[in-house]
Amino acid sequence: MATTVKTVARPAGLRRKLYLIAIIEGMWVTFRHLMKNWIGNLFGQRQKTDIATLSYPEEKKAYPERSRGLHRLMKREDGEVRCVACMMCPTVCPAHCITIVPEEAPSGSIEKRPRIFEIDELRCVVCGLCVEACPCDAIRMDTGIHAPPTLRRADAILDKEALLSRGETSIATQGGVGPFWREKVKA
């Protein structure tokens, strides 16, 4: 079966070729705004805006109280990191900015801990899914600190020590009440 091509002529004309009417309409809008602002300034009728100007280094805008900040890792009572390297946070992260390399805990327990825990703050989209996915309350985003500007990309990658320096001892119970929680609630 042969395919045929149908050629359609485009409308031609001086108006389409010069765009003169469109240029005049655009200039008229610009002239109208210019006159409105000029006459308003002459008679003291300035337009009111809701935008406030801050002198940034001296004045800083207060963040809302539900604003997320930089990540931080929580510590246990013994000072160790609460993270058990379950890999839930890098799995759920849409930006793939969390890197965890697990290792065996030296105390001989069956628990793991992160040997390497890094978060690339330049990749992070501050969604908070890592905090919601963490089963042991090891990672939080409640510092209220905005990510500082960096000159090198490597300065924006936070390692385990930097994340732990913002953390504090958590009062949450790690591991929950165990598999027999129903009997404990009834008692």
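The values are calculated or read from the model by the stated rules, or taken from the named source; none is laboratory data. These numbers were taken from a predicted model, which means no experiment stands behind them. Counting neighbours? That spans all protein chains shown, and the Cβs are built from the backbone with ideal geometry, glycine included.
The table below gives the values:
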| item | result |
| --- | --- |
| Residues (acidic (Asp, Glu) and surrounded by 11 or more Cβ atoms within 10 Å (Cβ to Cβ)) located in segment 64-109 | 80, 103, 104 |
| Residue in segment 123-130 that is surrounded by fewer than 14 Cβ atoms within 10 Å (Cβ to Cβ), within 20 Å of the chain's Cα centre (by Cα), assigned to a loop (DSSP other than H, G, I, E, B) and charged (D, E, K, R) present | no |
| Residue count, segment 39-80 (criterion: more than 30 Å from residue 97 (Cα to Cα) and modelled with pLDDT of 85 or more) | 1 |
| Some residue of segment 42-55 being under 30 Å from residue 167 (Cα atoms) and without any contact (Cβ under 8 Å) to a residue 12 or more places away in the chain | no |
| Pairs with Cβ under 6 Å, 6+ apart, first in segment 149-168 and under 14 Å from residue 138 (Cα atoms), second among the basic types (Lys, Arg) | 163/72; 166/72; 167/72; 167/75 |
| Counted residues, segment 99-128 - those being more than 24 Å from residue 69 (Cβ to Cβ), aliphatic (A, V, I, L, M) and in contact (Cβ under 8 Å) with a residue 12 or more places away in the chain | 1 |
| Filter result (in a loop (DSSP other than H, G, I, E, B) and farther than 18 Å from residue 158 by Cα) within segment 95-109 | 105, 106, 107, 108, 109 |
| Flag if residue 92 is touching a Leu at 6+ places or on another chain (Cβ under 8 Å) and touching a residue at least 40 places away in the same chain (Cβ under 8 Å) | yes |
